[in-house]
Amino acid sequence: MSTILDIARLAGVAKSTVSRYLNGGSVGEATRKKIEQAIRETGYTPNPFAQSLKAKKTNIIGTIVPRLDSYAASQTLIGIDEQLKQMNYQMLISNTSQSREREIESIYSFAKQKMAGIILLATEITDEHIEAFETVNVPVLLIGQEHENFHSIIHDDFHAGYEMGRYVLEKGYRRIAYLGVTERDIAVGVKRKQGFKKAIQEVENCEVRFYETLFKIPAAQASAREIIKEFGPSIFVCATDNIALGVMKASYAEGLSIPKDLAVTGFGGYDVTEIIHPALTTAKFFYKEAGEKAARQMVELVKELPVEKVSISKYEIIERESVDNVSGQTL
């Protein structure tokens with residue numbers, strides 16, 4: 001690969017002159033032509049990352065993600081990356097492995113690296129987050145969580161939860177286990193559950209018990225086996241598709257058939273939910289599209305253009321084989 005030094009030698013100019021030309025500085029007409037000719041002959045391509053770090057304002061968007069082994073996170077990142085490339089921006093990822101301390105450190109680190117903006121795939125917004133964002137004075141965009149002080153793109157968790165509740169009731173299920181996650185996660189742990197509760201409150205003679213587990217499949221599987229033995233629900237409504245997959249594994253381990261003995265639903269719309277048998281009924285969120293929109297809004301914020309404070313991403317209930325119709329009644 002050619003370097004700036006190669007260009008300088010071929011053009012017969014100083015390395016600093018080539019660097020000044022590449023960074024948009026002023027050079028004489030004759031010198032400019034020599035440099036451009038040398039670039040054509042060598043096929044030299046400037047490193048946009050290095051250029052950005054040298055510039056007063058970079059074209060790099062720092063993106064903080066709690067975990068990389070998540071379908072939602074990976075699809076969101078793909079959307080961000082593809083859209084930023086179209087707009088001549090780059091993405092730099094910091095994976096925090098679900099550590100709040102590393103998340104806060106990443107905010108300050110990105111600011112020191114002169115990121116043009118910061119996108120946070122958030123699970124919670126604490127006082128530490130707020131202090132960090134206000135200290136670094138860099139445009140910030142949240143994905144997945146909402147805060148009045150910052151721009152955000154959220155999934156319509158409440159209405160997805162409500163519509164899933166209506167769907168389950170319309171299918172005739174009345175003995176329901178809702179398996180959720182910690183309420184520190186406002187979107188997944190609170191809003192989906194609140195929407196589901198609203199639907200349940202609109203009917204009578206319905207027994208619902210609410211439980212919490214972790215996001216990982218093994219934890220959900222262990223929780224489900226205990227719930228099956230203790231409560232014996234006719235359906236599990238799970239706060240994520242991974243939790244639903246854990247419930248399905250638990251049901252098979254207990255000798256139950258889905259959906260004949262036990263129905264299951266999830267939230268997310270992961271690709272695997274269509275491949276497994278029986279395929280999982282789920283509320284599909286459009287993570288890649290949300291990432292694309294986040295990238296567009298982030299660039300607008302960097303350019304100091306007006307951006308709506310909160311954008312809500314769409315969802316869709318996908319009906320598949322994991323839920324039966326146990327009643328013809330429409331509620």
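Summary of computed values
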{"item": "Any hit, region 249-257, residues being closer than 29 Å to ILE153 by Cβ, out of contact with any strand residue (DSSP E or B) (no Cβ under 6 Å at 6 or more places or on another chain) and assigned to a loop (DSSP other than H, G, I, E, B)", "result": "no"}
{"item": "Number of the exception - ASN149 against (1) at pLDDT below 95; (2) closer than 25 Å to GLN221 by Cα", "result": "(2)"}
{"item": "Residue count for region 10-37, restricted to those that are assigned to a helix (DSSP H, G or I) and surrounded by 13 or more Cβ atoms within 10 Å (Cβ to Cβ)", "result": "15"}
{"item": "Pairs, first surrounded by 16 or more Cβ atoms within 10 Å (Cβ to Cβ) in region 306-324, second of a type in the set (Lys, Arg), C-beta under 6 Å, six or more apart", "result": "ILE318/LYS284; VAL323/LYS171"}
{"item": "Which listed residue, of ARG40, ARG102, is over 21 Å from the mean Cα position of the chain (by Cα), surrounded by fewer than 21 Cβ atoms within 10 Å (Cβ to Cβ), at pLDDT below 95 and outside any loop (DSSP other than H, G, I, E, B)", "result": "ARG40"}
{"item": "Within region 200-216, tally of residues that are assigned to a helix (DSSP H, G or I) and within 28 Å of LEU142 (Cα to Cα)", "result": "0"}
{"item": "Residue list for region 286-305, restricted to those being of a type in the set (D, E, K, R) and surrounded by fewer than 14 Cβ atoms within 10 Å (Cβ to Cβ)", "result": "LYS303, GLU304"}
{"item": "Filter result (surrounded by fewer than 21 Cβ atoms within 10 Å (Cβ to Cβ), under 18 Å from the mean Cα position of the chain (by Cα) and part of a helix (DSSP H, G or I)) within region 137-182", "result": "PHE158"}
{"item": "Residue list for region 258-294, restricted to those being in a helix (DSSP H, G or I), in contact with an Asp or Glu (Cβ under 8 Å, 6 or more places away or on another chain) and farther than 16 Å from ILE154 by Cβ", "result": "VAL272, THR273"}
{"item": "Residue satisfying all of: in region 310-323; among the charged types (D, E, K, R) and modelled with pLDDT of 95 or more; nearest to GLN75 (Cα to Cα) among these", "result": "GLU316"}
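The values are calculated or read from the model by the stated rules, or taken from the named source; none is laboratory data. Computed from a prediction, not measured in an experiment: that's the story for all the values here. Here the Cβ is made from the backbone with ideal geometry for all residues, glycine too, and neighbour counts use every protein chain on show.
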